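Student: This structure is in structure tokens; I'll ask about it shortly.
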Amino acid sequence: MLGLKLPTDPRWVNIVEKNIEEILTDHAFCEQKATSTAISLIISFPEYTELVQEMTALVKEEMSHFKMVHDIIINRGWVLGRYRKDDYVIQLLKFFPKGGSRTTQLVHRLLYAALIEARSCERFRLLSEELKDKELAKFYKSLMASEANHYTMFLSFARQYGNRNEVNQKWDDLLTYEAEIMRDLGKRETVHG
């Protein structure tokens, strides 16, 4: 369903289990970045009313997810760690050239967002199935559907606002590129890396 060309090695969960605090901190910041992405799309493309409406709803949802993750961190007696760079996203952003028309820029941003959500969904599925910590496994299972819905929403908007055939080709090329990135990742307790 997600179309990812290189699935995450299930042994990644073993890395996560060695430092649950780290994955929760990384996850919290991923939720903040998803919120920022939605706000940025509203600011950059206010003329797309349907997109603005959906991004407004997404901001609320992503911040509620941040609060859920932050509450888990607090309930475990920890504090939110410091922000760190996301190597996955940094590499992903190198795929499309900068510039182009506003529509091209919008489509590229929507495709990036779709892929990030798809990978998050795939990782959350793994955590829900493989984590020994049953509370966290249940939590990640509850988030999987949201991530899948976000992925399909972003991809649908890209296809709606761009030339469908061109978007489909860009999406396939981006999936191939992302698979190459993932060959070097999956060795840290981060949502994408």
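All of the numbers you see were taken from the coordinates with simple rules; none came from a lab. As the structure is a prediction and not an experimental result, all values here were calculated from the model. Using ideal geometry, Cβ is built from the backbone for each residue, glycine included, and neighbour counts are taken over all protein chains shown.
Student: Any idea what log10 I(q)/I(0) is at q = 0.12, 0.25 Å⁻¹ for region 3-70, Debye with uniform C-alpha scatterers and no solvent?
Tutor: Debye curve over Cα of region 3-70, log10 I(q)/I(0) at q = 0.12, 0.25 Å⁻¹: -0.46, -0.97.
Student: Using the crude model of +1 on Lys and Arg Cβ and -1 on Asp and Glu Cβ, and no other charge, please compute the dipole size for the chain relative to its Cα centre, in debye to 20.
Tutor: 220
Student: Aspartates and glutamates near LYS60 by alpha-carbon distance under 20 Å, same-chain residues fewer than 8 away left out - which ones?
Tutor: ASP26, GLU31, GLU50, ASP71, GLU117, GLU147
Student: What FRET efficiency comes out for the pair ILE15/ASP173, r = Cβ-Cβ distance, R0 = 35 Å, nearest 0.05?
Tutor: It comes out at approximately 0.75.
Student: Using Cα positions and a limit of under 26 Å, work out the lysines in reach of LYS18, with same-chain residues fewer than 8 apart set aside.
Tutor: Output for LYS18: LYS33, LYS67, LYS85, LYS132, LYS134, LYS138, LYS141, LYS187.
Student: If you bin the C-alpha pair distances of region 131-180 every 10 Å from 0, what whole percents do you get?
Tutor: 22, 32, 27, 16, 2
Student: If you don't mind, another one. How many percent of Cα pairs in region 46-144 exceed 19 Å? The partial results should precede the final answer.
Tutor: Details: 2892 of 4851 pairs.
Roughly 60 percent, rounded to a whole number.
Student: Let me ask another. How high is the FRET efficiency between VAL79 and ASN163 when r is their beta carbon distance and R₀ equals 35 Å, given to the nearest 0.05?
Tutor: In this case the efficiency is close to 0.15.
Student: Can I ask one more? Work from the charge dipole of the chain (Cβ charges, +1 for Lys and Arg, -1 for Asp and Glu, about the Cα centre) and give the residue of ASN163, HIS108, LEU4 farthest towards its positive end.
Tutor: HIS108
Student: For every helix of n ≥ 4 consecutive DSSP H residues, a contribution of -39,500 (n - 2.57) applies; sum these over the chain, divide by its total residues, and give [θ] at 222 nm rounded to the nearest 500 deg cm²/dmol. Kindly include the intermediate steps, with their values, before the conclusion.
Tutor: Numbers: 7 runs with 141 residues, N = 193.
My calculation for the chain gives -25000 deg cm²/dmol from helical runs alone.
Student: Pull out a ≥ b ≥ c, the square roots of the eigenvalues of the alpha-carbon gyration tensor of region 67-121, then state rounded if a/c is under 1.5, prolate if not and a/b is larger than b/c, and oblate in the remaining case.
Tutor: prolate
Student: Based only on Cα atoms, what Rg/Rh ratio does the chain have, Rh being taken as Kirkwood's radius?
Tutor: Rg/Rh: 0.96.
Student: Also, quick follow-up: Between ASN149 and ARG102, take the C-beta separation as r, use R0 = 30 Å, and let me know the FRET efficiency to the nearest 0.05.
Tutor: E between ASN149 and ARG102, to the nearest 0.05, is 0.70.
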